[in-house]
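Some notes on the structure that comes next.
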Amino acid sequence: MRTFGCQMNVHDSERMAGLLEATGLVQAEGGPADGHFENYADVVVFNTCAVRENADNKLYGSLGMLAPVKKAHPGMQIAVGGCLAQKDRETILRRAPWVDVVFGTHNVGSLPALLQRARHNQDAQLEILESLEVFPSTLPAKRDSVYSGWVSISVGCNNTCTFCIVPALRGKERDRRPGEILAEIQALVDDGAIEVTLLGQNVNSYGVEFGDRQAFSKLLRACGSINGLERVRFTSPHPAAFTDDVIDAMAETPNVMPQLHMPLQSGSDKVLKDMRRSYRSTKFLGILDRVRERMPDAAISTDIIVGFPGETEEDFQATLDVVEKSRFATAFTFQYSKRPGTPAADLPGQLPKAVVQERFERLTALQDRIAAEENARQIGRTVEVMVTAQSGRKAAETRRLSGRAQDQRLVHFSVPEGAGTPRPGDLVTVTITSAAAFHLVADPTDRAHGYSVRRSSAGDAWDRSQADSCGAPSDAPKTVGGARKAVSLGMPALPVR
């Protein structure tokens, strides 16, 4: 599996992998995801994004590299699905005729049948549906992590942002029934997971299909009653629909984490209007004020687009001003990418690349400074960290493990001599000793001062997964960061530095 794009794509990829494993396939070690071509899979699946131009380049570049590999491995099959497949359709087969299957966002469940049909007919199969066939969360899944999981509560989007092609590719919003969502969460917890992230293109507009404006806050509160579920997150909300009942539910439900991803996109009211974002900077900042009033330690992240058509230097300065006031823990910043099929692609005032690049660099420099300052404020705090299987790039030198604090900040920590080594999924309490812009560090002096481990059902699930895959159990000698390298589905993460 090779995944480009957002968390919704990651979730869909888990379903695709589950479907393929249900047919008897097993996940291959090595492949296009990590650039290893020596041990190739029989089936390679690309789950694509269409939001930015570099996603197109990644897909067609990867397909180009696979052409000679497939020629040398008769019988290999290549499938392309997701948003770019929904958009480009026949173009993919025209540009890469060695692809066997092209399928869209609405028929993920058809992937095994399409692969079988392509093999039988010895001909490429193209199937794009215009409406949802089966809700993806009802399909079997091969999860990337045993200790946490994604749960889709809705698909599609009813907004008309001028820069975004997602509504055209994923359709109008469709909401799952609350009972189905809670049953899936319970199943994840029964399987060992202690963290879930609720997913939706506009997750806080959940309930629009069945007419309950407070459905999302009710869902958050219902998550609080699930025994064994320790961490609940959600992404991504829309500021225009973000209401105080959601803030109250976050603050009053113990397992809903003090972390919020709130997309800004621009701090200029003029640009927000041109984007058809139905809020303005004052409302956005007011939401942040109310969140911090109820949850003073909440970490807030955001998305920002630089260089939208018609953006003036004054507009850009307004974005810098809002960023300065917002004090984001982190920001995902993007240079505007002209996407055919979106209204913004035809707007006047498309900006030169050099102007966009210069503004982008100023924005990232500002946000890096703010992130470093906000992280420095964490020094001396005691935090609970859920250990992950992935460690930092310098883990071999520092002998630190890694995990996420309740507010989603990345923490690299060392294990004092003689103390117990946690498993991925276990919970460690540490005191932050130093900080950088993109991570925190905890180096406790000994196990009596600033370090404790709480073994969890998620850690037990990790042990079971290692035994099932012939990996070493967690109490056996192993490398820093876990017994074996996890196969990544492309889950977006904060940079590790």
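The values are calculated or read from the model by the stated rules, or taken from the named source; none is laboratory data. Not measured: the values here are computed from a predicted model. Ideal geometry is used to build each Cβ from the backbone, glycine not excepted, and the neighbour counts take in all protein chains shown. Side chains are part of the model used for accessible areas, which takes the heavy atoms of the whole protein and leaves out ligands, DNA and RNA. Shrake-Rupley method; radii C 1.70, N 1.55, O 1.52, S 1.80 Å.
Here are the numbers:
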read-out	value
Any chance Gln201 is over 24 Å from Arg362 (Cβ atoms), in contact (Cβ under 8 Å) with a residue 24 or more places away in the chain, polar (S, T, N, Q) and open to solvent by 10 Å² or more (accessible area, probe 1.4 Å)	yes
Residue in the stretch 355-362 that is in contact with a strand residue (DSSP E or B) (Cβ under 9 Å, 6 or more places away or on another chain), open to solvent by 20 Å² or more (accessible area, probe 1.4 Å), within 20 Å of Val271 (Cα to Cα) and of a type in the set (S, T, N, Q) present	yes
Subset of the stretch 187-241 [under 20 Å from the mean Cα position of the chain (by Cα) and in a loop (DSSP other than H, G, I, E, B)]	Ala193, Ile194, Gly200, Gln201, Asn202, Tyr206, Leu229, Glu230, Ser236, Pro237, His238
Residue in the stretch 308-321 that is nearest to Cys164 (Cα to Cα), counting only those that are crowded, with 22+ Cβ neighbours inside 10 Å and not hydroxyl-bearing (Ser, Thr, Tyr)	Phe308
Breaking point among (1) within 28 Å of Gln335 (Cα to Cα); (2) open to solvent by less than 50 Å² (accessible area, probe 1.4 Å), for Leu401	(1)
Qualifying positions in the stretch 334-354 - part of a helix (DSSP H, G or I), open to solvent by 20 Å² or more (accessible area, probe 1.4 Å) and not charged (D, E, K, R)	Pro343, Ala354
Residue within the stretch 145-154 that is at pLDDT below 85, open to solvent by 20 Å² or more (accessible area, probe 1.4 Å) and not basic (Lys, Arg) present	no
Residue ID - nearest to Gln265 (Cα to Cα), chosen from residues in the stretch 296-333 that are outside any strand (DSSP E or B) and within 23 Å of the chain's Cα centre (by Cα)	Val323
Extreme residue, farthest from Thr162 (Cα to Cα), among residues of the stretch 262-281 that are of a type in the set (S, T, N, Q) and buried (at least 22 other Cβ atoms within 10 Å of the Cβ)	Ser268
The stretch 1-42 - residue that is modelled with pLDDT of 80 or more, open to solvent by 30 Å² or more (accessible area, probe 1.4 Å) and not charged (D, E, K, R) and, of those, nearest to the chain's Cα centre (by Cα)	Met1
Identity of the residue in the stretch 46-75, of a type in the set (S, T, N, Q) and at pLDDT below 85, that ends up farthest from Phe103 (Cα to Cα)	Asn54
Residue that is farthest from Ala318 (Cα to Cα), among those in the stretch 284-297 that are of a type in the set (A, V, I, L, M) and surrounded by 19 or more Cβ atoms within 10 Å (Cβ to Cβ)	Met295
Residues located in the stretch 248-261, provided they are crowded, with 20+ Cβ neighbours inside 10 Å and either β-branched (Val, Ile, Thr) or in contact with a His (Cβ under 9 Å, 6 or more places away or on another chain) (or both)	Val256
Flag for Leu169 being farther than 27 Å from Gln406 by Cα and part of a helix (DSSP H, G or I)	yes
